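Q: One structure coming up, written as structure tokens, with questions to follow.
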Amino acid sequence: MSDSQIPTCRWGIITVGLISSWFVADLVAPRPDAKAKHVIQAIGASSEQKGRDFIEKYITDADTDPAANHNPTLYSSYDEVYNDPNVDCVYIGSPHGLHYRDLKNAIAAGKNVLCEKAFTINAREAREVFALAKEKGVYVAEAMWLRHRPMIRDIRKQIYEDKVIGDVFRTTCDFRMGLDFSTLDKNSRHLIHELGAGSLLDIGIYPLTWAMLTLDPSTPAEGGLKSQSKSQGGGDDLATSSEQPAVLASQTFAPGVNVENSTAAIITYPSTGRQGVITSTMKTSRGPGHHFATIEGTNGFIEVEGGAPSHPTKFTVYPKWTSDKPGDKPKALASYEYPLRPYQGFIYEADNAALDIAAGRKESSIMPWGETVRVMEIMDEIRKQGGTVYPQDK
């Protein structure tokens, strides 16, 4: 497909932290099979030097597509990005506790927005954001990049269409990220409750997403099954036909800082009895290429591997485990690999956002408004049972 046949999206990047660097690195990499052309048009940074360092490392000195002509304008305030008439869509990579503020400001300026997960601190904030987006008539989507990956399309086809493991009844998923709270700077986002400190919103959202994607066929995701979402477009009328699971949860807290550092939850779908066992912790870590999720069915199981639930690279299909001998694992039926290089995976959500905006859509079919609210409601309930309260909840 020629460049003239694909849409161009000019991006304004908010913050120059780690997540924004991953997003930009994916967008500027050369792509022979591009679904959209991405231009880094503007960058908003907290300091001019941080912004210049970011541009030099991830754009100027990077292996970029020479035809893209990236020459971003550097702004020292986010408002200047929102008000830049050459920006088609704003990518928000700030800490989740600031998303509510940044989303409202970008939408008020009439900008389309792709905002990192967790979308907001709680479901109430998400509903307010979508009501404003509906009023302004702009495109807004949560950047849950996992749902846009080709792997998700393929694994859901195997589960729900091909039924390679029979009837799915349970998914377990664990995310570990080692963090020594005692050594963190007092201004670290991992210590500040207003910024959403804790494992659940930061990394626990991924095990939750894996459970929802593999236990509920109507959960929106990339390709494969047709989305059953019925989001109505903002405010209190947000709805989805995806089932709301029951939740049983527990959380523990880092001593001295009162920040949740481990979450365990069971989510159960009443209509089917399917269970998701999801865990996240900041007390330990795992190396790359480990097995982090198991999807169990009546005729077999699937193991998912990668650096973390956010970075899956492989899944393997096994028949039903029938032997009682220790370590006597059945022989794999098939294995599928999805290398992260040259792209980590942000390019898929960026492509879909660009295609949505070019088509005049205001919501993503992969992560519609009602689905974002559903995820936030589940995490609200987990926090309610676990004891995590943020200032924004009061």
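Q: Mind checking which residues of the range 105-124 are over 17 Å from the mean Cα position of the chain (by Cα) and crowded, with 20+ Cβ neighbours inside 10 Å?
A: Passing the criteria: A106, I107, K111, N112.
Q: Let me ask another. Going by what's in this entry, would D102 be described as among the acidic types (D, E), crowded, with 17+ Cβ neighbours inside 10 Å and over 21 Å from G360 (Cα atoms)?
A: Against the criterion (among the acidic types (D, E), crowded, with 17+ Cβ neighbours inside 10 Å and over 21 Å from G360 (Cα atoms)), D102 qualifies.
Q: Now a separate question. Scan P7, P66, P95 and give me the residue that is modelled with pLDDT of 95 or more and either more than 16 Å from Y348 (Cα to Cα) or of a type in the set (A, V, I, L, M, F, W, C) (or both).
A: Of the residues listed, the single one that is modelled with pLDDT of 95 or more and either more than 16 Å from Y348 (Cα to Cα) or of a type in the set (A, V, I, L, M, F, W, C) (or both) is P95.
Q: Additional query: If I filter the range 278-304 down to residues being β-branched (V, I, T) and surrounded by fewer than 13 Cβ atoms within 10 Å (Cβ to Cβ), which single residue comes out as farthest from A254 (Cα to Cα)?
A: Taking the candidates together, the pick is T298.
Q: T214 - would you say it is part of a helix (DSSP H, G or I), in contact with a strand residue (DSSP E or B) (Cβ under 6 Å, 6 or more places away or on another chain) and β-branched (V, I, T)?
A: yes
Q: Those residues that are under 12 Å from F130 (Cα atoms) and hydroxyl-bearing (S, T, Y), I need them from the range 89-113; list them, please.
A: Listed by number, the list holds a single entry, Y100.
Q: Report yes if some residue within the range 21-29 is of a type in the set (A, V, I, L, M, F, W, C), part of a helix (DSSP H, G or I) and over 16 Å from E349 (Cβ atoms); otherwise report no.
A: Taking every residue of the range 21-29 in turn, none turns out to be of a type in the set (A, V, I, L, M, F, W, C), part of a helix (DSSP H, G or I) and over 16 Å from E349 (Cβ atoms).
Q: Can you tell me which residue among K362, K331 is basic (K, R), modelled with pLDDT of 95 or more, outside the structural domain of G97 (by TED's automatic domain parsing) and within 20 Å of the chain's Cα centre (by Cα)?
A: Of the residues listed, the single one that is basic (K, R), modelled with pLDDT of 95 or more, outside the structural domain of G97 (by TED's automatic domain parsing) and within 20 Å of the chain's Cα centre (by Cα) is K362.
Q: Right, here's the next one. Quick one: I366 ticks every box in (1) assigned to a loop (DSSP other than H, G, I, E, B); (2) in contact with a Phe, Trp or Tyr (Cβ under 8 Å, 6 or more places away or on another chain) bar one, so which box is it?
A: (2)
Q: Then there is this: Of the residues that sit in the range 49-90 and are in contact with a strand residue (DSSP E or B) (Cβ under 6 Å, 6 or more places away or on another chain) and polar (S, T, N, Q), which one is surrounded by the most Cβ atoms within 10 Å (Cβ to Cβ)?
A: Looking at residues that are in contact with a strand residue (DSSP E or B) (Cβ under 6 Å, 6 or more places away or on another chain) and polar (S, T, N, Q), I get T73.
Q: Another question, if that's okay. May I ask you to verify whether T219 is of a type in the set (S, T, N, Q), over 27 Å from G387 (Cα atoms) and modelled with pLDDT of 95 or more?
A: Taking the combined requirement at face value, the residue does not satisfy it.
Q: Within the range 174-198, which residues are surrounded by fewer than 16 Cβ atoms within 10 Å (Cβ to Cβ) and among the basic types (K, R)?
A: K186
Q: What strands (runs of 3 or more DSSP E), lying completely within the range 235-354, carry at least 1 residues that are farther than 26 Å from I19 by Cβ and without any contact (Cβ under 8 Å) to a residue 40 or more places away in the chain?
A: Once the strands (runs of 3 or more DSSP E) in the range 235-354 are filtered for at least 1 residues that are farther than 26 Å from I19 by Cβ and without any contact (Cβ under 8 Å) to a residue 40 or more places away in the chain, what remains is 246-254, 259-268, 300-306, 312-319, 334-337.
Q: Continuing with the same structure: Pairs needed: first member in the range 196-215, in contact (Cβ under 8 Å) with a residue 12 or more places away in the chain; second member anywhere, among the acidic types (D, E) and outside any loop (DSSP other than H, G, I, E, B); C-beta distance under 8 Å; at least 6 residues apart or different chains.
A: Correct list of pairs: G196/D202; A197/E260; G198/E260; S199/E260; L200/E260; P207/D174.
Q: If you go through the range 184-207 one residue at a time, how many are part of a loop (DSSP other than H, G, I, E, B) and at negative phi?
A: 10
Q: Residue by residue through the range 181-203, note down the ones that are small (G, A, S) and either modelled with pLDDT under 95 or closer than 15 Å to F253 by Cβ (or both).
A: S182, G196, A197, G198, S199 - these are the residues of the range 181-203 that are small (G, A, S) and either modelled with pLDDT under 95 or closer than 15 Å to F253 by Cβ (or both).
Q: I'm trying to understand the selection: among the residues of the range 30-76, which are more than 21 Å from C89 (Cα to Cα) and of a type outside the set (D, E, K, R)?
A: Hits for the range 30-76 are P32, S47, Q49, T60, A62, P66.
The values are calculated or read from the model by the stated rules, or taken from the named source; none is laboratory data. Here the structure is a predicted model, which is why all the values come from computation and not from measurement. Here the Cβ is made from the backbone with ideal geometry for all residues, glycine too, and neighbour counts use every protein chain on show.
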